[in-house]
Protein chains: 2
Amino acid sequence: MEQPRDMASKLSEQGYRLTPQRLMILSAIDNSDNHISADEIYAQIVAKYPNVNISTVYRTLELLKRLGLVTETDLGEGRVRYHPAVKGHHHHLLCQGCGAIIDLDEPLLASLKNTLLREYNFLPDLRHLAILGRCLKCS
Amino acid sequence: MEQPRDMASKLSEQGYRLTPQRLMILSAIDNSDNHISADEIYAQIVAKYPNVNISTVYRTLELLKRLGLVTETDLGEGRVRYHPAVKGHHHHLLCQGCGAIIDLDEPLLASLKNTLLREYNFLPDLRHLAILGRCLKCS
DNA sequence: CTTGTATTTGCAACCAGTTTCAATAAAAAT
DNA sequence: ATTTTTATTGAAACTGGTTGCAAATACAAG
């Protein structure tokens, strides 16, 4: 379960530099149990190294996303949250009425995925999806 | 097919005021064939009435969304586009590799919708969804 | 046709995230 | 060890969108 090293080695395998900033960002992501936001990562780092810039955090997250090392979820709170890809994929149903978040099993979307692949030659990225709508009480 | 009047009357039925700003926004949305962005609506209006403010456009779009009169799609271009709800629902597959946009049939998501309703008591809002991923060439 | 009032607007400040560009630092070449 | 190349960073400006608040106005009641 040595995630930060794992992500770090994947970065360097692909020719990206292992800068102190990147390593700090990786361990912040990995040490957070739940989903972490860019702000939270930044706040954690800036406490020790005040000259690190928020745009570096965003750029690194962008890179990690592109390499498939983290996934992103928009839970409708006006900011996006990040999660290490290796810790598993999952989905959320987000009620627009009461704000409830219902976790969703991964395989539920498998059939949609297959259909899109078969009928549209399209490989959807359904890791960590948030579907908006309304729960029974609110609809 | 008298859309703006239709949306306008729904607004006033619900007790919302029919201000000139709102009427201009409604007709801008309705006159655009394709999906229109907040900027585009604003640019159209400000050309005739320079003192109208962009935040009014955003506030009105928010309201129309809440009342289900327009739907919103994020095609990954860094801004969101709007579409009158009565003009029909449709979905897009958006390739992250080449940027291709594949239109998707409405009923395809019906089975997902039913499953979520049956197994999770959740009524998803799947009008005008954009699914990110990769087309065959790019994957 | 005025008056009262709650809704709506414009403005300015703000927020999350992105971009440009010159300065810096890691790794490669000498 | 020094230089060169190239990736990365910090700073500042910018983008799309939101929010708080005082001023304005649509509409209902008199």
(request) Assign unit charges at the C-beta atoms only (+1 for Lys and Arg, -1 for Asp and Glu), then state the dipole size of segment B:77-139 relative to its Cα centre in Debye, rounded to the nearest 20. (result) 140
(message) Closest beta-carbon to the B-to-A rotation axis: which chain B residue owns it, and what is the separation in whole Å?
(response) B:112, 3
(request) Leaving ligands, DNA and RNA out of it, work out the accessible area of residue B:90 with a 1.4 Å probe and give it in Å² to the nearest 10. (result) 40
(request) Determine the calculated [θ] at 222 nm for chain B from helices alone, applying -39500 (n - 2.57) to every DSSP H run no shorter than 4 residues and normalising by the residue count; nearest 500 deg cm²/dmol. (result) -13000 deg cm²/dmol
(request) Collect residues whose amide H, placed 1.01 Å from N in the peptide plane, falls under 5 Å from the amide H of residue B:80; neighbours closer than 5 in sequence don't count. (result) B:38
(message) Rounded to the nearest 10 Å², what accessible area does residue A:139 have for a 1.4 Å probe in the complete protein model?
(response) 90
(message) Given Cα positions, please report Rg to Rh for chain A, the hydrodynamic radius being the Kirkwood one.
(response) 1.02
(request) Have a look at B:46, B:70, B:80 and tell me which one the Gaussian network model of chain B (Cα, springs below 10 Å) gives the largest fluctuation. (result) B:46
(request) List the residues whose amide H sits under 5 Å from the amide H of residue A:132, counting only those 5 or more places along or on another chain, with H placed 1.01 Å from N in the peptide plane. (result) A:94, B:125
(message) Just to confirm the numbers: residue A:50, label point 7 angstrom along the Cα-Cβ line, distances to the other copies in nm, shortest first?
(response) 4.5
(message) Under the convention of a label 7 Å out along Cα→Cβ, give the distances in nm from residue B:101 to the same position in every other copy, shortest first.
(response) 3.0
(request) Take the Cβ-Cβ distance between residue B:34 and residue A:23 as r, set R0 to 30 Å, and report the resulting FRET efficiency rounded to the nearest 0.05. (result) 0.10
(request) May I ask which of A:65/B:137; A:65/A:113; A:87/B:113; A:65/A:87 have a Cα-Cα span longer than 24 Å here? (result) A:87/B:113
(request) Evaluate E = 1/(1 + (r/R0)^6) for residue A:90 and residue A:49, where r is the Cβ-Cβ distance and R0 equals 35 Å; express this FRET efficiency to the nearest 0.05. (result) 0.60
(message) Given all pairs of different Cα atoms, what value in angstroms does the Kirkwood hydrodynamic radius of the protein assembly as shown take?
(response) 21.2
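The values are calculated or read from the model by the stated rules, or taken from the named source; none is laboratory data. Please read all numbers here as calculations on a predicted model, not as lab measurements. All Cβ positions, glycine included, derive from the backbone under ideal geometry; neighbour counts span all protein chains shown. Please note that ligands, DNA and RNA were not included when accessible areas were found on the heavy atoms of the full protein model with its side chains. Shrake-Rupley method; radii C 1.70, N 1.55, O 1.52, S 1.80 Å.
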